[in-house]
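A quick write-up on the structure given underneath.
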Amino acid sequence: MITQNRPLRVLVIQLGKLSDTIQSLMALRAASQLYPNLEVHVVVREHFADAVLNTPWIKNVTILPTFDMIEPSLKSKAETGDYTSEGKKKSLSRLARWISPLVREKWDLAINWSFSDPSSFIMGLVPSQVKLGFSRRKDGTLLVPDGWSHYFQALVQGGIDQDIHITDILTTQLLTALQIHLGDPKTDGEQSVTSKSFFTTHATATNVNSAPGEKISTSVIRDFSKKWVAVQLGPKSGPNSWKVIHVAELCSKIMTQTNDTGVILLGAPEMTEEAEAIITSLKSSITNGALNSRDSNRVINRVGQSSFTEWASLIAQCQWMISTDSAAVSLASVLGTRVFMLSLGTSRFLETGPYGNAHYVVSAKKSCGGCLTGSTDPTLHQCSDHISGSSAFTAWLYASTEWSHRRNVSISEFFESRGELDSLSTIQVFRSKIRDTEAGGGVSYERLNFQSFTLSDWMASTLGYIARYWYCGWTPKIGADMTLDQLNGLLFKDLRGLEESVQVLSRVIGQCRQTSVQLYLKSSGLKSEAIMSLSNRNELQEHGKKLIELEKLIERIVQTQPQLNVFSRLLKVLMHNLRGNQISELGKESANAYQQIQAGIEQLQLWITHTLELAKPKSVSPSNGKVIEFRPRAKKEIST
């Protein structure tokens, strides 16, 4: 066990996108509050370094100069049409010089939250007592050493629907490791990890995208008598983009139907034309008399004009952030600004949506062809048009006026009162909340307009429960987030079909475990695995052949019931990460892997039983209010 009497040196490798970086910072902040002696060092890509550089409680930031390293190889290809050996050598030399300080240091805990192959090679070179995330063995093969990383590789990267937010996965993974190696935290950790001052805002530039000493204006907003809504434009194209015509309609309605609200347009430089089109649309509203000429002061355009520091400062000063972009959503969440997210295309808001209480998410009620196939081709995604600017405004207005109606008015009643009930039929509205610890903790998203669970929805919720069972050692009550009105006849029918496949799969996995145990017992009893009798060798080979046949049977079961693919994917990850070189060691490790999978399947069976129990008709006795369950009477035996 690592002692808490000295600073605990933690290295975090995060070479992902900005949204990934911010989610990592939230997890690190939560851990730092519980374990104040953490000394956190972060490795980050140059393009996204600003967020970490402006985080005061990070001990040190190491920036990966991506272009500088690959520039010799790119130059050689441009000159010769291929990557020359000389260009490769120069790139590797620059990489070696960059990584040498990290390798020379000794770390107590190293975490690779990039979850990528390239970052795993860096992780494999770093000396550390404990490692989490993707790494490499001495022979260069991929090593995924811990349970939550298994889960991330098999489910999150495998595109399987599950309802645990990425921030919660990272936080739980880190806190579990700290608790194992350090013991229970000495503080209660009740402080919020989100605040307006999460990042520092300096008068002079300290970020990598600004010249040293460059003055940064953070006082763009001067009229604080108004409520300000930040509208993040972008991405410019792709399945997650929202058409400018819809954004312009939303901004226009905010301006024309509220008198105390201003709009700040934010976005990357490539969104400049879109911003100008929205400004032109708003000017047209002034010309047509829908807006007063003085209302032009209620629109601020900062598209392509903001450094990270100013971007964060502006969002922190706003009451709302409206966006389809996960980076802007994550940043607003960490700054404590309420988020109104439009979840489009391939966006998975259950994993990357706004974090905290009282944020809103709007998505298309029905998946389009592009969503069903997982395509990244924007032309195949019609879901963008399912959410109009008008329907988005009505949902936002409901969210922003919670203080008055206190959610005593349903969202359906609210839409109907504004003549928008028809548009509610094409969208689904969610509200975020932080669960109680007894209910599993973390963020969840409550459906505000009624829509019954599909089998995929039900399975995502169940997998979140099973993951906590596997890796946290405790679980909330089965079905804690489930209510009867979310269920329907089609779901019950699907679950009955699933139940049969689950029972078959459970028996097959049980046979796999039993065979692995036999393999372990037989091999561990041998004096040598290199020299053995022919009968012993044949017996071991028979066990191996049986496992191969059983695994083929697992694949056939999964093909007939795709919802069970999660267990097949996770089993492959576990088998790839077996430790040991001897047959006995591998047999024991395999048995443990099958035992984990079987335990998860048993939990799935309990969920199916619980849900189907809810389908049974019940009646309330008028005398004592007791719930009476109708059961068929047992047939009497005929006496002879």
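We did not get these values from a lab; they are worked out from the coordinates using the rules stated. Predicted model only: the values in this text are computed from it and were never measured. All Cβ positions, even for glycine, are placed from backbone atoms using ideal geometry, and neighbour counts span all protein chains on display.
The table below lists the values:
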{"item": "Global form of segment 8-182, assessed from the alpha-carbon gyration tensor, a/c cut-off 1.5", "result": "prolate"}
{"item": "ILE322 long-range amide H proximity, modeled H, under 5 Å", "result": "ALA230, VAL231, GLN232, PHE340"}
{"item": "Highest to lowest packing among 10-16, 513-519, scored as the average C-beta count within 10 Å", "result": "10-16, 513-519"}
{"item": "Which label in [x] 242; [y] 259; [z] 201 gives the computed volume of the Cα convex hull per residue in Å³", "result": "[x]"}
{"item": "Positive-end extreme of charge dipole, segment 445-572 - chosen from TRP458, VAL566, GLN486 (charges on Cβ)", "result": "VAL566"}
{"item": "Size of charge dipole - segment 489-614 - debye, nearest 20, with Cβ of Lys, Arg +1 and Asp, Glu -1, no other charges", "result": "280"}
{"item": "Residues with amide H under 5 Å from that of VAL43, placed H, sequence gap 5 or more", "result": "VAL12, ILE13, GLN14, THR62"}
{"item": "Dipole-positive endmost among GLY133, SER24, MET255 within the chain (Cβ charges, Cα centre)", "result": "GLY133"}
{"item": "Segment 438-530: chymotrypsin sites (Phe, Trp or Tyr not before Pro) in DSSP loop, at most 13 other beta carbons within 10 Å", "result": "PHE450, TRP474"}
{"item": "Whichever aspartates and glutamates have a C-alpha closer than 16 Å to that of LYS546, once near sequence neighbours (fewer than 8 apart) are set aside", "result": "GLU555"}
{"item": "Protection proxy ranking of 243-254, 556-567 - average other beta-carbon atoms within 10 Å, highest first", "result": "243-254, 556-567"}
{"item": "Global geometry of segment 227-451, whether rounded, prolate or oblate, following the gyration tensor of its Cα atoms and the 1.5 cut on a/c", "result": "rounded"}
{"item": "Packing-based ranking, highest mean first, of 117-124, 37-44, 346-353 given that Cβ atoms within 10 Å are counted", "result": "37-44, 346-353, 117-124"}
{"item": "For segment 576-585, Karplus couplings with θ = phi - 60° (6.51, -1.76, 1.60), whole Hz, Gly/Pro x", "result": "5, 9, 4, 9, x, 10, 8, 4, 4, 5"}
{"item": "Cross-link pairs LYS131/LYS186; LYS196/LYS433; LYS59/LYS236; LYS17/LYS243; LYS527/LYS552; LYS17/LYS365 - those with Cα-Cα distance over 25 Å", "result": "LYS59/LYS236; LYS527/LYS552; LYS17/LYS365"}
{"item": "Using θ = phi - 60° and Karplus 6.51 cos²θ - 1.76 cosθ + 1.60, couplings along segment 330-346 (whole Hz; Gly, Pro as x)", "result": "5, 5, 4, 4, 5, 8, x, 8, 5, 10, 10, 9, 9, 8, 10, x, 8"}
{"item": "Reachable aspartates and glutamates from LYS253, criterion Cα separation under 15 angstrom, eight or more residues apart if same chain", "result": "ASP295, GLU420"}
{"item": "Prolate/oblate/rounded label for segment 420-513 (Cα gyration tensor, a/c 1.5)", "result": "oblate"}
{"item": "Under 15 Å from LYS522, Cα to Cα: aspartates and glutamates that are on another chain or at least 8 residues apart", "result": "GLU539, GLU542, GLU585, GLU589"}
{"item": "Total charge dipole magnitude, the chain, about the Cα centre, Cβ charges on Lys, Arg, Asp, Glu only, Debye to nearest 20", "result": "1000"}
{"item": "Long-range amide H partners of ILE300 with built H, under 5 Å", "result": "VAL263, ILE264, LEU265"}
{"item": "Dipole of the chain, positive direction: furthest Cα of TRP242, HIS359, VAL231, with charges on the beta-carbon", "result": "HIS359"}
